[in-house]
Structures are given as C-alpha cells and as structure tokens.
Ligand code: SAT
Ligand code: MN
C-alpha cells in the first residue's frame, strides 16, 4: 500500500510530512496539529520520535549550517550561540489568560504594579495571537514533539505535545523531557497539555538573523491558558521561554492542575458532608436520585481525598546516612541561578553521607495513601547555569556533561572545549578562547567569556550521583522542605520554622538578589515568594491557601527550613564556604527531622543550630556568631517590608493565617 505522506488542511492544502505517520496519531492530536498547521502554515511536518538517530540527523544539519559547533574535546557535545538579544527568560512578556482576572493574579493595591504574574483577558489574548501566529512558520518545518513530564505512564506523570519550528528546541526537549512514540500509546484518547512554540521568524525573513538564531525579541509573548491547558510561546528560542515542558508546563500549568485536583476533592467532600446532613434529617432519603448522587459522591470522595498536590520550583535530593544506612529525601526551593543544581549534586566535604540527586529544578509533590509526601522530578535532564561550575564547585555536573550535551552561550577554547567564568584554574592560562559573542579572548582579559546565564543541557541519567530511584513513578518520600535565596545581610545560615503554617509564611516572604536568569539588571533584593514569582500559575493568595490546606488533611507534613549560603561580612566576604560544606547544614536539618533534641536554640525567627552540635570539623575559622546573628532592627524592618509587600501585591487574598504568623514573629522580635 502506498502511504499518504501529507495532511490536507482546510486553507493551505496538502502539507508534506517529512517524518512520521500523521494518520496513526490519536484523533485529538491530529485535530490539534491540523489546527495549528492551518494557522502557522509550515512548509512541512516532522513527527518526532526522540531517538538518538533523530537527534544525530538534526545535529548533523545544524553543524553544516553553522548553528551548532562541535566541541571536539568531548563526545557528542555541541555549542550554540544565540542572538545576543535572546539570552534569558522574559518575565515582562509572560502572560496568563483566564476568564476571571483574579483566578490568575491577586488583588494588587491600586496604582501598584503586580509582580506575581500578569493577566490578560481572553479577547485581548486572542488579538495578540492573531497578530502573531498566522503564517509564522512559513518556510520552516513544524516539529511535533510528544513528551512526558515524569516517567511515561507514571501515576503522577503528565503528557504534553509541543509544536515548534526550532530544531534547537527539539534537541533540548529530547534531553530535558521523555520524548518517545510510547507517549502516543499512553495518551490514547486522553488529554494532553497543548504547547505551541514559534521563533516568530517566517521565511523570507524580514528581520536580520544573527548567529543563525532566528527569533523575534520585539514581539516575544509567552502566553498560558490554564483552563484549556494550553501554552503559546512566540519570538524566543531560549530555555524557559521555549522548552515548554519546563517552566510553562511543569510549573505554571501543572500548579493549576494540582490545585484543581485538590479543589475538586474538596468540593466533592463538601458535597458529601452536605448530603450526610440531608440524609440525617430525612429530607431526601426517599428520593432515588438523591440516593444515587449520594453514593456517587461517597465513592468519588474516597478516590480523590488525597488528590491535591504541588508543582514547585524545587530540587530533590537523597541523603543516605553511611552508618545507619537510612536514607532521607529533601526538597529545596531557591530562585533561578541560586545554586539548586550545585546543592542537588553536592559532593560532601566531610564523610557521613552518600548524597544523590533526583532533580535539580522542579518537583511535583503529592501525598500518598499513607499520608507521606512524595516527589518526582518531572524532567529528564539538567538545564543548568554554566558560569561558576567547575571541578571544585560541582564535579558531578562537570562529569555529567562530558558527552551528549548542548551548551548555550558559553565560550569555546582553541582545543574544542567549553569555557566560562569559574574555569580559570582548569584551563591553560595561554589558551585562545572565543567568547560567546565570537570575539578572541584570553583569561585575564577584560569582559566576560560566557554570558552569565549561559547554560548546559545534559541528560540526568549521565550524572555520576543520580539516584537509582530518580525515575521511580510514585516518587521518593520527602522529610524536609527548604526555602532559600541570596541574602547578603541579616539572614542566618539556617533556621527551622516552628510549624507548617510558620514555614509557609516564611516561604511567602522569600527574597533574593536578582540573578541573570531573567531580564533584570543589577543586584537589587527582590521578593520571590516560594521561589515561584516568575512561575505562578494562579492567584498567589489561593496558592498559599492551597499550601496551608494540605496540612489539614490526614497528611504528614514535612518540617520547613530556611537557608542562606550567601551572607557576607563587612568586607563583603562570604561568611560561609558553601558548596560541599553545605552537607554540614543538611546534616543538622536531617537530625532535626529525626527528632534529635538539644541541638537547637530557639530564636524569634525559628530554631538555629547550637554551635557544639554542628559539624565544624576542618572548617577553619568561622565567624559563627556573625553567621547566625539575628539583628533585631534588620528583622523588624524586614518583616514590615514583607507585610507591605503582601498588602500591596496580594491584598485581600492573603490567608489570615499568614498575617497571624507574621504578627507573632514581629511580637517575638520586639521582645528580643
Ligand atoms: O531559563 S529557565 O527558566 O529554564 C531557567 C531558570 O530560570 O530557572
Ligand atoms: Mn529554575
């Protein structure tokens, strides 16, 4: 039989299929693709299978065209330089569209600009879309990427289909997510998250293409329609803007799904309680229909009781005590480019623990039937910040990306290696280097070799300390949640919060120095509640309520801690060495989780370690008192500022419990 190798779409007629069998795809997927082919008008359709052969074929083409440069020093590693106008996430051009504005954003104070997400009305969004998408893929191939976030078919996993006209995106998606034809089988007739991505540069191009990197920075728009489980990203090829499985799906859309499933559960349980009342007073007992509804609700409430879950900007790591053999897992939420990858891959500076990574950026957390909180890493690779990474700070990362990896906006050494700030001691001082901007450069010369947000994209499976259970479909049990940020002053190395509620209030007040991961410049301290500011999928007040509600159910909630590796002294020197020495902090955290007494001291903000209980072996001199001091007036200012932030940004949506926690903390500080 002769296969039909094209699809017929209403307006543009037959579109050739470069690869794959369109007609074997699930009906819903066919419809989805046909709709977008019709709108975007690509010159061909390419249905991806995620195989090595596929990546090899694409890489070969891109090397020929000069888009990728092979880094000959390693195996199957490539460098990509983007248009310098497209180097980071663009928060100002990221939107969420829902019918009801306050589903998406909180009640921000009049005259204040909201920073916890941007809302756009459906008609406005429609207009913006119509201004961008029609014909946007002319002369380009549309790739269809079937991917799973989490192990394919796992109970917590979710499926997405991304359409994109960027082959760089396809290559990175093959590393960062599980792309496979198995996704089609698992999906069947089910629903999926619809991801549409275009670099916004149809041929013939009207905008000059720089570095063979088509993009359209002036017209970037990253838009989400949570109700429709749909993401539309236009104009950028970079990381969080274009690898739609990552921030757009696994955080923004997934947090809405996580909330909805919990709300559904709560709604059904509430209905059952209401029915119970009715049944008791006999008012509906003799009505068939009432009874039937009641039975259905009862069963449903049992099924969905534990369905509320969390999609968070968190690493997941396992720490096995070498003496007892006992292993504990923790999650940690830090803003972008604050060291999640380094902590997750930590190589301990002192013996006692075997540390292994489950995930470095995103965690999906769900309580199991026993009430234990479990986490999966929905991703399959690491998209990590390159600068600062070296064999001292993160040997595991260095070993992970020696093969099958893509480097974006790093520099290149004359002998075909990668280079970035932080590798000064690992490369010959006289080595000729080509910067990310294609300029000749040498160590010690002015300027930077790599862009501060340059990245490596590497398969997680290649990490020497990847946890054997990292792909366990039901996830790993979580004992502690840690919040943190870059706080040069005032905030101690570690403290343990007093309760789940107190911990949530601490999470709500997370702040951090701005990093290069988004468009912000300079070193200002920004609020980044729960490290989720750029990734909130819905009203932050409701999000806090969702967190608080998780404790009310029959759940064993983990302890919540706050850490700060970045405190400096008067000379601006870091007070804490960080990196491998962070194991000392985690050791204390785990001992607290195990209920060890006599190792903690109560302060107004939480428990801090007692010096004699903390592992300080071989640390040299440490300004302990300075590292752990809690300056009263700094903290009083800080709490006032945090309250102001919540009043301005979240207003009436802040749950009362959070105000109560902050008031109590303020009272404790006043008594200091
Ligand atoms: O560019 S990404 O958004 O994927 C990385 C980050 O900011 O955490
Ligand atoms: Mn991140």
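Do any strands (runs of 3 or more DSSP E) entirely within segment 477-554 hold 3 or more residues that are more than 16 Å from ligand 2 (Cβ to nearest atom) and either closer than 30 Å to residue 320 by Cβ or without any contact (Cβ under 8 Å) to a residue 40 or more places away in the chain (or both), and if so, which?
Because the criterion is at least 3 residues that are more than 16 Å from ligand 2 (Cβ to nearest atom) and either closer than 30 Å to residue 320 by Cβ or without any contact (Cβ under 8 Å) to a residue 40 or more places away in the chain (or both), the strands (runs of 3 or more DSSP E) in segment 477-554 that meet it are 494-496.
I'm checking my understanding of the structure. Among residues of segment 480-497 that are over 20 Å from the mean Cα position of the chain (by Cα) and crowded, with 20+ Cβ neighbours inside 10 Å, which one is nearest to ligand 1 (Cβ to nearest atom)? Before you say what the answer is, go through the steps one by one.
Our first condition is that a residue be over 20 Å from the mean Cα position of the chain (by Cα); within segment 480-497, this holds for 487-497.
So of that shortlist, the ones also crowded, with 20+ Cβ neighbours inside 10 Å come out as 487, 491-497.
Details: 487: 19, 491: 21, 492: 25, 493: 23, 494: 23, 495: 25, 496: 26, 497: 25 Å.
Restricting to residues being over 20 Å from the mean Cα position of the chain (by Cα) and crowded, with 20+ Cβ neighbours inside 10 Å, the top hit is 487.
A quick yes/no check of all residues on (1) surrounded by fewer than 15 Cβ atoms within 10 Å (Cβ to Cβ); (2) within 28 Å of the chain's Cα centre (by Cα); (3) in a helix (DSSP H, G or I):
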{"position": "595", "(1), (2), (3)": "yes, no, no"}
{"position": "626", "(1), (2), (3)": "yes, no, yes"}
{"position": "633", "(1), (2), (3)": "yes, no, yes"}
{"position": "640", "(1), (2), (3)": "yes, no, yes"}
{"position": "648", "(1), (2), (3)": "no, yes, yes"}
{"position": "652", "(1), (2), (3)": "yes, yes, yes"}
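Would you please list the contacts, defined by Cβ atoms under 9 Å and residues six or more apart or on different chains, that run from a residue in segment 573-586 that is closer than 9 Å to residue 347 by Cα to a residue that is assigned to a helix (DSSP H, G or I)?
579/342; 579/343
If residue 340 satisfies all but one of (1) touching a helix residue (DSSP H, G or I) at 6+ places or on another chain (Cβ under 9 Å); (2) in contact (Cβ under 8 Å) with a residue 40 or more places away in the chain; (3) within 16 Å of ligand 1 (Cβ to nearest atom), what's the number of the condition it fails?
Evaluating residue 340 over (1) touching a helix residue (DSSP H, G or I) at 6+ places or on another chain (Cβ under 9 Å); (2) in contact (Cβ under 8 Å) with a residue 40 or more places away in the chain; (3) within 16 Å of ligand 1 (Cβ to nearest atom) leaves (2) as the failure.
I'd like the full set of residues that are at pLDDT below 95, under 16 Å from the mean Cα position of the chain (by Cα) and more than 16 Å from ligand 1 (Cβ to nearest atom), limited to segment 514-558.
none
If the requirement is being within 23 Å of the chain's Cα centre (by Cα) and over 25 Å from residue 170 (Cβ atoms), which of these qualifies: 384, 388, 447?
388
What residue, of 389, 393, 413, is surrounded by fewer than 21 Cβ atoms within 10 Å (Cβ to Cβ), touching a helix residue (DSSP H, G or I) at 6+ places or on another chain (Cβ under 7 Å) and at negative phi?
Details: 389 fails: surrounded by fewer than 21 Cβ atoms within 10 Å (Cβ to Cβ); 413 fails: touching a helix residue (DSSP H, G or I) at 6+ places or on another chain (Cβ under 7 Å).
Just a single option satisfies the conditions, and that option is 393.
When residue 349 is evaluated against the numbered criteria (1) surrounded by fewer than 24 Cβ atoms within 10 Å (Cβ to Cβ); (2) out of contact with any helix residue (DSSP H, G or I) (no Cβ under 9 Å at 6 or more places or on another chain), which criterion, by number, is the only one it fails?
Condition not satisfied by residue 349: (2).
What number goes with the only condition from (1) more than 16 Å from ligand 1 (Cβ to nearest atom); (2) buried (at least 24 other Cβ atoms within 10 Å of the Cβ); (3) within 27 Å of residue 527 (Cα to Cα) that residue 400 does not pass?
(3)
If I ask for residues that are over 17 Å from the mean Cα position of the chain (by Cα) and at pLDDT below 95, which ones from segment 337-371 would you list? Before the answer, list the steps.
We begin by selecting, within segment 337-371, every residue over 17 Å from the mean Cα position of the chain (by Cα); these are 346-356, 367-371.
367, 368, 369, 370, 371 - these are the residues of segment 337-371 that are over 17 Å from the mean Cα position of the chain (by Cα) and at pLDDT below 95.
Listed here are the residues, each with its yes/no results for (1) in a helix (DSSP H, G or I); (2) under 33 Å from the mean Cα position of the chain (by Cα).
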{"site": "572", "(1), (2)": "no, yes"}
{"site": "583", "(1), (2)": "yes, yes"}
{"site": "587", "(1), (2)": "yes, yes"}
{"site": "598", "(1), (2)": "no, no"}
{"site": "601", "(1), (2)": "no, no"}
{"site": "607", "(1), (2)": "no, yes"}
{"site": "618", "(1), (2)": "no, no"}
{"site": "622", "(1), (2)": "no, no"}
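For segment 654-672, how many residues are surrounded by 16 or more Cβ atoms within 10 Å (Cβ to Cβ) and either modelled with pLDDT under 95 or in a loop (DSSP other than H, G, I, E, B) (or both)?
2
Among what's in segment 369-386 and is touching a helix residue (DSSP H, G or I) at 6+ places or on another chain (Cβ under 9 Å) and not in a loop (DSSP other than H, G, I, E, B), pick the residue that is farthest from ligand 2 (Cβ to nearest atom).
373
The values are calculated or read from the model by the stated rules, or taken from the named source; none is laboratory data. All values reported here derive from a predicted model rather than from experimental measurement. Every residue, glycine among them, receives a Cβ derived from its backbone with ideal geometry; neighbour counts consider all protein chains shown.
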